[in-house]
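Engineer: One structure coming up, written as structure tokens, with questions to follow.
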Amino acid sequence: MFKQFLQNTTPKNQDLKKLYLLIHKYGPITKADLIEKTEIKKTTLVRMIDELLKCKFIEECGLGESFVGRRPILYDVVRNGNYLIGIHISRMKTNIVLLNLRYDQIDQESFIMTTMHTPEFVMLKIKNIIENFMEKHHFDQEKLMGIGLAVIGPLNRAEGMILKPESFLAANWNHVPIVKLIQQAFPVKVVLEKGANAAAVAEYHANNYLYENILYCVSGGWGIDCGVVVNGMILPDQYADQSGYGHMIVDLNGNICSCGKRGCIVSYTSFQSIVRQLESENALLGNMSKELFQKASLTEMMEYFKQGDKKTERIILESARYLGIGLSNLLNLFRSEIIILNGPFLYEFDGYYEQVVDNIAENIHEEKEVIFSQGWLQENAAAIGAAILLFESYFKDLNFSSEKSVAIF
Ligand SMILES: [Zn+2]
């Protein structure tokens, strides 16, 4: 029944959906505050609230503050009973989260990606995990509002397709119609977004919409991805080549990159470039064979790097400086208020995060104040963000035209 409410695009239902969305964004909230935000007449608002209460889409949840007279009733959305699923597929692992309508994480499961993880096998695993969630938490497809997918770019959103991701271990990951594959298993609404963008959206919500301009950077072992939120919205593809962040040039005469150019950020930060550098400088870890490198997992690589000598440490921390310079360019460009840094070296290698932060601080415009963070949701951010984007997609048809309208997206 809730799904029909979300799918109903009649004018009368639009108003109810707007009100629901406001309660979702600001709840728990009183009638007086809702009138203030919407300019709806009190009698109309009372009728609309009654309708949402009757359908059990919202509920009374205690009393608000009052300086005079009776304390007002607070309203909030009903958080349980309907569910959202977010899936993040990356080179390293696939992570699946189950959220309620308040974006609380109810369950989570992930699996590591290996050379055997072709799209077909990953789909079987995903299907199995989602079916387990449904059984364990007692819900069917009617109660599943949909599935948000966060994947490595570049994407073709219109066709729901992963185009040509760099560096997947298994074969067949080029031109995968991922949305169609998911819908074959679960005929529900599916939205597709780049992992870093989805993560930025999740952190935006986790932060209670405090910072509207966010730069989210994932510096992974195999590449770099950035997510950009401007004024509370994901930066659309037409404003930036979103697959190009890792290949931003930070040194004119720098290392040769896999793309054939010189001095791209990834030619300093990826595992492969670091291993190459260790080799050329005869560091303790400098003689790792290609075969071993191909097979090594993320955990193994990080353990290996941590056991290096002083030279190894210097080379790795130097790569942090290149990352910092590249990110300071993006911060200046997008006027971000907060930068969230995610990645194995950033989380696990002593001094790496601090080195990146120092280098960004040295290179951004002096008057600019930026908040540095490792995020609140960390490894779950992209999957959670995908689920949030799925839910928000149901409200894209709403037209907030009055002057007092509240920007939600
Ligand atoms: Zn490059």
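The values are calculated or read from the model by the stated rules, or taken from the named source; none is laboratory data. As the structure is a prediction and not an experimental result, all values here were calculated from the model. For neighbour counting, all protein chains shown are included, and Cβ atoms are generated from backbone atoms with ideal geometry for every residue, glycine included. When the accessible area is computed, the model is the full protein with side chains, heavy atoms only, and any ligands, DNA or RNA have been set aside. Shrake-Rupley method; radii C 1.70, N 1.55, O 1.52, S 1.80 Å.
Engineer: What percent of all Cα-Cα pairs in the stretch 2-78 falls into each 5 Å bin, going from 0 up to the bin containing the maximum distance?
Structural biologist: Calculated over all Cα pairs of the stretch 2-78, the distribution is 3, 15, 28, 28, 16, 6, 2, 1, 0 percent.
Engineer: Okay, moving on. Remind me, relative contact order of the stretch 132-217 in percent, using alpha carbon pairs under 8 angstrom and six or more residues apart? Let's see the in-between values first.
Structural biologist: Details: 99 pairs, mean separation 24.1, N = 86.
Result for the stretch 132-217 is 28 percent.
Engineer: Relative contact order (percent) for the chain, with alpha-carbon contacts under 8 angstrom and 6 or more residues of separation?
Structural biologist: Numbers: 730 pairs, mean separation 70.9, N = 409.
This gives 17 percent for the chain.
Engineer: Now, a different point. Please enumerate, by chain and number, the aspartates and glutamates with C-alpha under 16 Å from the C-alpha of Lys12, excluding those fewer than 8 residues away in the same chain.
Structural biologist: Asp50, Glu51, Asp397
Engineer: For the chain, what is the accessible area per residue in Å², given a 1.4 Å probe and the full set of protein chains?
Structural biologist: Working: 19680 Å² over 409 residues.
Counting only protein heavy atoms, the per-residue value for the chain is 48 Å².
Engineer: Follow-up question, since we're still on this one. Treating the chain as a set of equal point scatterers at the Cα positions, no solvent, please give the Debye-formula log₁₀ I(q)/I(0) at q = 0.08, 0.10 Å⁻¹.
Structural biologist: Normalising to I(0) and taking log10 leaves -0.49, -0.73.
Engineer: I would also like to ask the following. Please tell me which of these pairs span more than 19 angstrom C-alpha to C-alpha: Lys93/Lys310; Lys17/Lys180; Lys143/Lys189; Lys3/Lys396? Present the calculation step by step, with values, prior to reporting the outcome.
Structural biologist: Values: Lys93/Lys310 31 Å; Lys17/Lys180 28 Å; Lys143/Lys189 12 Å; Lys3/Lys396 15 Å.
Violating the 19 Å Cα-Cα cut-off are Lys93/Lys310; Lys17/Lys180.
Engineer: Can you give me the orientation-averaged projected area of the convex hull built on the Cα atoms of the stretch 295-409, in nm²? Walk me through the numbers before you get to the answer.
Structural biologist: Values: hull surface 43.0 nm².
With every direction weighted equally, the projected area is 10.7 nm².
Engineer: What is the Cα radius of gyration of the stretch 44-187 over 2.2 N^0.38 Å, N being its residue count? Working shown, then result.
Structural biologist: Numbers: Rg = 20.2 Å, N = 144, 2.2 N^0.38 = 14.5 Å.
Computed over Cα atoms of the stretch 44-187, the ratio equals 1.39.
Engineer: While we're looking at this one, here's another question. So how do 104-117, 183-196 stack up, highest first, on mean other-Cβ count within 10 Å? Each step should come with its number before you reach the end.
Structural biologist: Values: 104-117: 15.0, 183-196: 20.1.
Averaged packing, sorted descending, gives the order 183-196, 104-117.
Engineer: Which residue fluctuates the most in the chain, going by a Gaussian network model with Cα springs under 10 Å, if the choices are Gln307, Gln272, Gln14?
Structural biologist: Gln307
Engineer: 5 Å is the cut-off here: which amide hydrogens, built 1.01 Å from N in the peptide plane, fall below it relative to Trp222, excluding neighbours closer than 5 in sequence?
Structural biologist: Here the answer is Phe271, since their amide H atoms fall under 5 Å of that of Trp222.
Engineer: Can you give the calculated 222 nm mean residue ellipticity of the chain, where each DSSP H run of n ≥ 4 adds -39,500 (n - 2.57) and the sum is split over every residue, rounded to the nearest 500 deg cm²/dmol? Working shown, then result.
Structural biologist: On the way: 15 runs with 165 residues, N = 409.
The helix contribution divided over the chain gives -12000 deg cm²/dmol.
Engineer: For a quick protection proxy, order the peptides 248-258, 83-93 by their average other-Cβ count within 10 Å, most packed first.
Structural biologist: For the peptides 248-258, 83-93, the packing ranking is 83-93, 248-258.
Engineer: Decide, for the stretch 159-225, between rounded, prolate and oblate: order the square roots of the alpha carbon gyration tensor eigenvalues as a ≥ b ≥ c, take rounded if a/c falls under 1.5, and otherwise choose prolate if a/b is larger than b/c, else oblate. Walk me through the numbers on the way to the answer.
Structural biologist: Working: a/c = 3.20, a/b = 1.37, b/c = 2.34.
In terms of gyration-tensor shape, oblate.
Engineer: Give the share of C-alpha pairs in each 10 angstrom bin for the stretch 166-307, from 0 to the last occupied bin, in whole percents, shortest bins first.
Structural biologist: Using 10 Å bins, I get a P(r) of 10, 28, 33, 22, 7, 0 for the stretch 166-307.
Engineer: Apply the membrane-span-like helix rule to the chain: whole DSSP H runs, Cα extent along the own long axis of at least 15 Å, mean Kyte-Doolittle hydropathy at least -1.0. List the helices found. Please list the in-between numbers first.
Structural biologist: Details: long enough: 11-26 (23 Å, -0.86); 42-54 (18 Å, 0.10); 119-136 (25 Å, 0.01); 195-206 (16 Å, 0.26); 310-334 (36 Å, 0.23); 352-363 (17 Å, -0.74); 381-393 (18 Å, 1.82).
Qualifying helices, which must be both long enough and hydrophobic enough, are 11-26, 42-54, 119-136, 195-206, 310-334, 352-363, 381-393.
Engineer: Using only the Cα atoms of the stretch 245-342, what do you get for the radius of gyration and for Dmax, in Å?
Structural biologist: Spelled out, the Cα radius of gyration and Dmax of the stretch 245-342 are 14.4, 43 Å.
Engineer: Residues with beta-carbon under 14 Å from that of Glu337, excluding Glu337: net charge, scoring Lys, Arg +1 and Asp, Glu -1? Walk me through the numbers before you get to the answer.
Structural biologist: Values: positive: Arg335, Lys368; negative: Glu203, Glu212, Glu367, Glu369.
That sum, taken over residues with Cβ under 14 Å, equals -2.
Engineer: For every other residue with a beta carbon closer than 13 angstrom to the beta carbon of Leu53, add +1 if it is Lys or Arg and -1 if Asp or Glu, then tell me the sum. Could the numbers behind the result be given before it?
Structural biologist: Numbers: positive: Lys31, Arg47, Lys54, Lys56; negative: Asp50, Glu51, Glu59, Glu60, Asp76.
So the environment of Leu53 carries a net charge of -1.
Engineer: On to the next question. Using a 1.4 Å probe over the heavy atoms of the protein chains, calculate the carbon and sulfur portion of the accessible area of the chain as a whole percent.
Structural biologist: On the way: 9880 of 19680 Å².
Of all accessible area on the chain, carbon and sulfur atoms account for 50 percent.
Engineer: Now for a different question. To the nearest 20 debye, what charge dipole does the stretch 272-409 have about its Cα centre, counting +1 at the Cβ of each Lys and Arg and -1 at the Cβ of each Asp and Glu?
Structural biologist: Rounded to the nearest 20 debye, it is 320 debye.
Engineer: Right, next: List the trypsin sites (Lys or Arg not before Pro) within the stretch 327-401 that DSSP assigns to loop and that have no more than 11 neighbouring Cβ atoms inside 10 Å.
Structural biologist: Numbers: sites: Arg335, Lys368, Lys396; in loops: Arg335, Lys368, Lys396.
When the trypsin sites (Lys or Arg not before Pro) of the stretch 327-401 are filtered for loop state and at most 11 Cβ neighbours within 10 Å, Lys396 remain.
Engineer: Using only the Cα atoms of the stretch 208-375, what are the Rg and Dmax in Å?
Structural biologist: Rg then Dmax for the stretch 208-375, in Å: 16.1, 49.
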